[in-house]
Protein chains: 2
Amino acid sequence: METQDLKKAGLKATVPRMKILALLEENKVRHVSAEDVYKALLESGEDLSLATVYRVLTQFEQAGLVTRHHFEGGHSVFELNQGEHHDHILCVKCGRVDEFVDKVIEERQQKIAAEKGYNMTDHSLYIFGICSACQKD
Amino acid sequence: METQDLKKAGLKATVPRMKILALLEENKVRHVSAEDVYKALLESGEDLSLATVYRVLTQFEQAGLVTRHHFEGGHSVFELNQGEHHDHILCVKCGRVDEFVDKVIEERQQKIAAEKGYNMTDHSLYIFGICSACQKD
DNA sequence: TAAGTTAATGAGAATCGTTCGCATTTAGTG
DNA sequence: CACTAAATGCGAACGATTCTCATTAACTTA
């Protein structure tokens, strides 16, 4: 039950929080904006405010349930944390997003951080390109 | 002369553009926001508008003279393209930014893109951590 | 080098995603 | 079931960026 997940994260199990978490867990789309979440919930009959969506997503992020990605134009998209860490490769033409995991890169990053005297906490890697479908146009 | 650089980039050699390019080439700071550029130029006696700074930086980006980095909170910072490509490692406590180049990572990225059927055009890699100075606090 | 054409600029309004303030409602507790 | 703190809704506020449009400056050609 989601109630447990929320409690574990130190968050009260309120209606908006459960609805948002449930939506993310449906996993229809991996990467959603606050606006996406807001609209999807309105459509499914929920009545909540956009401000709440932002608040909740920010709390989820702080609780480690969700990762926020910063995109161009000040947009953020959120992604439920599940399974292993991964990075992203995205198409600059159609916006398609794929994911990948590469141990070699992970290791090199650790090494680089160490060399520079940093205690690595996180990283963000995006590869941009043109996907196979778009190469045909 | 900067005039040449601008012409080469297909841009008229106007006063604001030359001043902004000169400022970036001074290279006092590698990563500047539009606001930084605007203030610095005002202080050095130039009279230009923030809108122009944004316009010019965007044109520089399109011309490949400059790279724009998207940071948290919808902030962008710009960096003059000079020398070789590099990635960034930054301190989440003090905001310090270091740069690095890693051939292994570059190659892996090419390989991953190919595997996923993408024609890679660019990438962005940030390592986050706590720098040596901040580890002591 | 002066006139003409077009693109660039300044100033401020407008936009967009996001956050805030505050009155109201709800969840968890006893 | 009543109580208290925390969560929500609403709309206003915000900050970065972009737009509009009248004015000005930069290349072109004579």
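The values are calculated or read from the model by the stated rules, or taken from the named source; none is laboratory data. What you are looking at is a predicted structure, and each value in this text was computed from that prediction instead of being measured. Using ideal geometry, Cβ is built from the backbone for each residue, glycine included, and neighbour counts are taken over all protein chains shown. With ligands, DNA and RNA removed, areas are computed over all heavy atoms of the protein, side chains included. Shrake-Rupley method; radii C 1.70, N 1.55, O 1.52, S 1.80 Å.
On a full-extension model of 0.36 nm per residue, what is the gain between A:Ala22 and A:Arg55, subtracting their alpha-carbon distance, rounded to one decimal in nm?
On the way: separation 33, 0.36 × 33 = 11.88 nm, distance 1.61 nm.
Working it through step by step, the gained length comes to 10.3 nm.
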- Task: Determine the total buried accessible area between chain B and chain A, counting protein heavy atoms only with a 1.4 Å probe; round to the nearest 100 Å².
- Result: 3100
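What percent does the relative contact order of chain B come to when contacts are Cα pairs within less than 8 Å and at least six residues apart?
18 percent.
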- Note on the structure: Per-residue ellipticity at 222 nm attributable to helices in chain A (runs of n ≥ 4 DSSP H, -39500 (n - 2.57) apiece, nearest 500 deg cm²/dmol) works out to -13000 deg cm²/dmol
- Note on the structure: XL table B:Lys12/B:Lys39; B:Lys19/B:Lys93; A:Lys28/B:Lys116; A:Lys136/B:Lys111; A:Lys39/A:Lys103; A:Lys7/B:Lys93; Cα-Cα > 26 Å flagged, in table order, is B:Lys19/B:Lys93; A:Lys39/A:Lys103; A:Lys7/B:Lys93
- Message: How far apart, in nanometres, would the label points at A:Arg68 and B:Glu106 be if each is projected 7 angstrom from Cα along the Cα-to-Cβ direction?
- Response: 3.4
- Task: Whole Å is fine, so just give me how far the alpha carbon centre of region B:37-94 lies from that of region A:4-76.
- Result: 32
- Task: Take every residue in peptide A:85-91, count the Cβ atoms of other chains within 10 Å of its Cβ, and give the average of those counts.
- Result: 3
- Message: Rg/Rh for region B:1-136 to two decimals, with Rh computed the Kirkwood way over all alpha-carbon pairs.
- Response: 1.02
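Over chain B, with every protein chain in place, what whole percent of the accessible area is carbon and sulfur at 1.4 Å, could you tell me? If you can, show how the numbers build up before the last one.
Details: 3790 of 7750 Å².
Roughly 49 percent, rounded to a whole number.
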- Message: From Cα pairs below 8 angstrom and at least 6 apart in sequence, can you work out the relative contact order of region A:87-135, rounded to a whole percent?
- Response: 54
- Query: Accessible surface of A:Lys111 in the full protein assembly, 1.4 angstrom probe, to the nearest 10 Å²?
  - Reply: 110
- Query: Which peptide among B:35-43, A:19-27 comes first, and what is the full order, when sorted by highest mean count of other Cβ atoms within 10 Å?
  - Reply: A:19-27, B:35-43
- Message: Per 0.36 nm of contour for each residue apart, how much would the distance between A:Glu115 and A:Ala133 grow if the chain were fully extended, relative to their Cα-Cα spacing?
- Response: 2.5 nm
- Report, as an integer, the average count of C-beta atoms from other chains found within 10 Å of each Cβ along B:123-136. 6
- Message: Two decimals, Cα atoms only, Kirkwood Rh: what is Rg/Rh over region A:2-80?
- Response: 0.93
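Rounded to a whole number of µm²/s, how large is the Stokes-Einstein D of the protein assembly as shown at 4 °C and 1.567 mPa s, given Rh as the Kirkwood radius over C-alpha pairs?
For these conditions, the coefficient is 61 µm²/s.
When Cβ neighbours within 10 Å are restricted to other protein chains, what is their mean count per residue of peptide A:98-110?
Details: counts 6, 1, 6, 1, 6, 1, 6, 9, 1, 2, 7, 9, 2.
Going residue by residue through A:98-110 and averaging, the value is 4.
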